[in-house]
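Novice: Got a structure for you, questions after.
Bear in mind these aren't lab numbers, they're just calculated from the coordinates by the rules spelled out. Predicted, not measured: the structure shown is a model, and the values here were computed from it. As a convention, Cβ positions derive from the backbone with ideal geometry for all residues, glycine included, and neighbour counts pool all protein chains shown.
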Amino acid sequence: MATKKILSSLYFFIPATALILIVTEIFATNELVSEGRKIHDVDLKIETVSNENDLLASQIASASALATIQQKAKDNGFIKPANYLTIGPETVAFHLPQ
Amino acid sequence: MRRIWIVFFILVSVYLGILIRLFYWQVIESDRLRVEAAKQYALTLTLPASRGAITDTSGTSLVMSQPASLVYASPAIIKDPITFVDKVASVLPVDSKDLLGSLGQKGRVWVPVAHKVNNEVSEKLKALRLDGLGFENDSLRYYPEGSMAAQLLGFVGSDENGNDKGYFGLEGFYDRELHGKDGVIAIEKDVRGAPIVIGDTKRIEPEHGSTIRLWLDRTVQYDAEQRLREGIEKYGAKEGTVTIMDPKTGGILAMASYPSYDPSQFTQFPKDVYKNPIVASSYEPGSTFKVLVMSTALDHKLVTPDTVIDESGPAQVGEYSIRTWNNQYHGNITTTKVLEYSSNVGMVSVSKLLGKDLQLSGIHAFGIGKETGIDLEEESSPELRSDNDWKPIDLATASFGQGIAVTPIQMVRAVGALANDGKLMEPHVARQIIDQKGRVIDIKPKQLRQVISPATSHIITEMMIAAVDNGEAKWAKPRGYRIAGKTGTAQIPVAGHYDDKKTIASFVGFAPADDPKFVMLVTLQEPTSSPWGSETAAPLFFNIAKDLFVYYGIAPQ
C-alpha cells in the first residue's frame, strides 16, 4: 500500500521536475543569448578605450619630443651656455686610500 | 485503368522531379549554400595586429602606431552623391571627380574613400553625419620626433595587396618582426547581429608586432642633425653625413644625413632621398684612409712612429708623379709627421714598404669592399677591383685614399677597430627586440676579427692624436681633450678624371683617445667656403665632440 503510494507520487513528481528543469533551461538560455549583445558592447568599449590609450601615448610622445622641449626652453628664456666649467677632484698632497 | 496509369506516371514524374531538384540543392549546390548560410549566422571579425614601435636606447619612441580610420562609402545608401562628395571633399583631400565616378559605378557596394585617416579628421567626418559614410579600424605610423633619423628608420608603405610593408632602413630590415599577425574571431550571431554566447566561437588572438629598441641615443642624434644642418649652411656644402658609433659594441649612436625627408609624408619627397647615404652611397675617403694603411704597416713592423721617410720632393710611381696636397716638402720626416702633414708622398713610401700583398690584405682585413652587415635594408658596398688588377699606381693612390671607394659606415667601422684594441666590430642599429609578451631578445655585439694587435692600435692612436694636435685642424680642437683623428680632402671623380674644384671634405676620429666613448665620421660634399677637410669637416667634428663631452660628462684632462 505504502509502495503504491510512493510509486503513484513518483509518477507525478518526475515529470513535474523534468518540466521545471526544461522551463528553467529555456529561461537561462534565453538570458545567456541576450548577454551576447552586452559582451559585444563591452568589446567595443574595450576597443575604444584601447584606441584612446594609444592616442594619449602619441600625445605624450609628442609633448616629450626634443624639438618641443627645445622650443619650450627657448620660450622660457633658457639659452645654451657659452662655456662649461669642470670641477674635478681636489689636488691634495696626501689622502688616505678609499 | 488507363487513367489510373496516367495519374500514376504523373505522380512518379513529379516525385522524380522533386528528387532531382533535392539532389541539385543538397549535393551539387550544398557547398555554396553552406557558405551562404554561414554568412547569415556566422560573424567573422578581424582582430588587427598593431605594428611594433621603434624606440631609442632609453625606450623613448621614435616611431609608433596610432589608431586611424579607413573611410569608405556605401553607394546603395547615398541618395545625393554630388552633395556627399562635396561634403567629404571639404574635410578630406580627395579627388572629387574620381570619387563621384566610383560611386556611380554599377554594382559597387563598397567604395574606399581614404586610408589611414587620423582621429582628428575622422571626428570631423563623423560630425557631418552623412548616410553611406562608414569607418573601419586602421592604423597610422606616427613619428613623435618628426623627421629625426628618417633615413635610419625608413617608412611604411603598402605592398601589392595593399597591406602595410616597411621600406628602407629599420622598417624594411625588421619588417617581419614589426608587422605582427592579425587575429580573427568567428562567432555565431543572432538576427540583430549580436553574438550568441553559447554558440560556436573560434578566436585567434592577434600577435602584435615587436618593439625594436636601438643603440641610438635621440639626444645625440638630435645634436648631430642640428650641427650638420648648421655646418651645411656655414660651409655651403651640397650634402653631408655624420655617423657616430660606440667602437666597443658597434652600436650606432647617431646617423645624420642631409638632405633628408619626412617619413610621415614620404610620397612628397623625391625617391632618391629615401636611401641612407651612410650605408648606400660611396665616396673616395682621401687622407682619412692613411690611418688604415699606416696601421697595417705598423702591425707588420715595417715602420715605427719614428721611422724616417724621405719627403724631399714628389714621389715617382712609374710614369706618374705624386705630390703633396700643398706642394710643400719637408725633407726627412718621421711616419708620425707623415700623418701630421698628411703627406701623400710619405704614404707612397709606406705603401712601397708594404708591397701589394700586405697592403691589400690590410684593406681586406679592415672590411673595405665588403658590406658591413649592419641591420639596415639598403646597405650596399662599392666593389674593390680584383687583387690581380691592382697596378703600382693604384696601390700608391689607395695609400692616401684616392682611387678607392668606401661607404661612410665601412670607414667608421674600420677606424672603430683602431679605437677598440684592433678588434673589428659588426655595426648594429638595433639593440633588443621585445615581443608583445615582454620577452627580450638581445642582439649581442659581434666581434668579426682582430685586424691589428692591441699594441699597434695604441701606437696608431698616439699618431692620430699628434695629427690632431699638430695638424692643419689643430686650431679647431677643444682644449684639454685627447682626440685621435685625421682630416681628409678627396677630389671627386667626374667622367674619368678628377674635378679640381669639387671635393669631399671629411674628418674621422674617436675620443676620449684613452678610453673611446665614440668614433665619428663627418663628411661634407662640395663645401664651397673651403674645399679642405681641416677647415670644414674638422671644426664640425669638434663642435659635435664638444657637445658629446658635455652630454656624457667627460671632463677635460
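Novice: Using only Cα atoms, tell me the angle between helix A:66-75 and the longest principal axis of chain A; keep it within 0 to 90° and round to the nearest 10.
Specialist: With both axes taken from Cα atoms, the answer is about 60 degrees.
Novice: Where the centre of each part is set by its Cα atoms, how far does region B:478-557 sit from region B:55-103, in angstrom?
Specialist: Here the answer is 47 Å between Cα centres.
Novice: Okay, next question. Let me check I have the definition right: for region B:125-188, take the eigenvalues of the Cα gyration tensor, multiply each by 5, take square roots. What are those semi-axes in whole Å, largest first?
Specialist: Semi-axes from the Cα gyration tensor: 29, 19, 11 Å.
Novice: Over region B:140-181, what is the mean sequence separation of C-alpha contacts under 8 Å (at least six apart), divided by residue count, expressed as relative contact order in percent?
Specialist: About 29 percent, as a whole number.
Novice: Sticking with this one: Using mean Cβ contacts within 10 Å as the protection proxy, how do B:48-59, B:510-521, B:29-40 order, highest first?
Specialist: B:510-521, B:48-59, B:29-40
Novice: Right, something else. Using alpha carbons only, how many angstrom separate the centre of region A:25-86 from the centre of region B:414-462?
Specialist: Cα centroid to Cα centroid, the span is 37 Å.
Novice: Sticking with this structure for a sec: Quick check: Cα centre of region B:311-367 to Cα centre of region B:390-405, how many Å?
Specialist: Centre-to-centre (Cα) distance: 10 Å.
Novice: What nm value, rounded to one decimal, do you get for the distance between B:Val109 and B:Asn327 when each label is placed 7 Å out toward the C-beta?
Specialist: Using points 7 Å along Cα→Cβ, the separation is 8.3 nm.
Novice: Across the residues of A:54-61, average count of Cβ atoms on other protein chains within 10 Å?
Specialist: Other-chain Cβ atoms within 10 Å of each residue's Cβ, averaged: 6.
Novice: Projected onto the charge dipole of region B:91-146 (+1 at Lys/Arg Cβ, -1 at Asp/Glu Cβ, origin at the Cα centre), which of B:Gly107, B:Leu140, B:Leu130 gives the Cα projection farthest towards the positive end?
Specialist: Of B:Gly107, B:Leu140, B:Leu130, it is B:Gly107.
Novice: Let me ask another. What does the structure give for B:65-71 when I average, per residue, the other chain Cβ atoms found within 10 Å of the residue Cβ?
Specialist: 3
Novice: While we're on this one: Taking every DSSP beta bridge that has both residues in chain B, what percent is antiparallel when rounded to the nearest 5?
Specialist: Approximately 95 percent, going by the DSSP bridge assignments.
Novice: Let me ask you something else. What percent antiparallel are the DSSP beta bridges of the protein assembly as shown, to the nearest 5?
Specialist: The answer is about 95 percent antiparallel.
Novice: Here's another thing I want to ask about it. Can you tell which of A:Val23, A:Ile46, A:Ile6 lies farthest toward the positive end of the dipole of chain A, using +1 and -1 charges on the Cβ of basic and acidic side chains (Lys, Arg; Asp, Glu)?
Specialist: The listed residue farthest towards the positive side: A:Ile6.
Novice: Rounded to a whole number of µm²/s, how large is the Stokes-Einstein D of region B:314-389 at 10 °C and 1.306 mPa s, given Rh as the Kirkwood radius over C-alpha pairs?
Specialist: 107
Novice: If a helix is a whole DSSP H run, which ones in chain B reach 20 Å or further along their own axis (Cα) and hold a mean Kyte-Doolittle hydropathy of at least -0.5?
Specialist: Passing helices, by number: B:2-23, B:344-365, B:454-470, B:537-551.
Novice: For B:Leu253, list long-range residues whose amide hydrogen, built 1.01 Å from N in the peptide plane, is under 5 Å from its own amide hydrogen.
Specialist: Amide H to amide H, under 5 Å and 5 or more residues apart or across chains, B:Leu253 pairs with B:Ile244, B:Met245, B:Asp246.
Novice: In units of 2.2 N^0.38 Å, what is the alpha-carbon radius of gyration of chain A?
Specialist: Output field value: 3.13.
Novice: Per 0.36 nm of contour for each residue apart, how much would the distance between B:Lys79 and B:Lys474 grow if the chain were fully extended, relative to their Cα-Cα spacing?
Specialist: So the chain would gain 134.5 nm between B:Lys79 and B:Lys474.
Novice: Here is a further query. Diagonalise the Cα gyration tensor of region B:72-218 and give the resulting equivalent ellipsoid semi-axes, square root of 5 times each eigenvalue, largest first, whole Å.
Specialist: Value: 33, 26, 14 Å, ordered largest first.
Novice: Give the whole-number value, in cubic angstrom per residue, of the convex hull volume spanned by the C-alpha atoms of chain B.
Specialist: With only Cα atoms used, chain B gives 245 Å³ per residue.
Novice: Continuing with the same structure: Using Cα-Cα distances under 8 Å and only pairs 6 or more residues apart, what relative contact order does region B:1-144 have, in percent?
Specialist: 30
Novice: So for the protein assembly as shown, what percent of the C-alpha to C-alpha distances run longer than 47 Å?
Specialist: 40
Novice: Taking only DSSP H segments of four or more residues, each worth -39500 (n - 2.57), what value at 222 nm results for chain B once the sum is divided by all its residues, to the nearest 500 deg cm²/dmol?
Specialist: -10000 deg cm²/dmol
Novice: Let me ask something else. List the aspartates and glutamates whose alpha-carbon lies under 19 Å from that of B:Lys356, not counting same-chain residues fewer than 8 positions away?
Specialist: Partners within reach: B:Asp299, B:Glu319, B:Glu383, B:Asp387, B:Asp389, B:Asp394.
Novice: With a cut-off of 8 Å between alpha carbons and a minimum separation of six or more residues, what is the relative contact order of chain B in percent?
Specialist: 15
Novice: Here is a follow-up. What pairs in B:Lys165/B:Lys248; A:Lys80/B:Lys517; B:Lys97/B:Lys181; B:Lys116/B:Lys446; A:Lys74/B:Lys474; B:Lys301/B:Lys423 have C-alpha atoms more than 28 Å from each other?
Specialist: Flagged as over cut-off: B:Lys165/B:Lys248; B:Lys97/B:Lys181; B:Lys116/B:Lys446; A:Lys74/B:Lys474.
Novice: If region B:253-410 were replaced by its equivalent ellipsoid, with semi-axes equal to the square roots of 5 times the Cα gyration tensor eigenvalues, what would those be, largest first, whole Å?
Specialist: 35, 17, 14
Novice: Additional query: Quick one: what do you get for region B:38-80 if you divide its Cα Rg by 2.2 N^0.38 Å?
Specialist: 2.03
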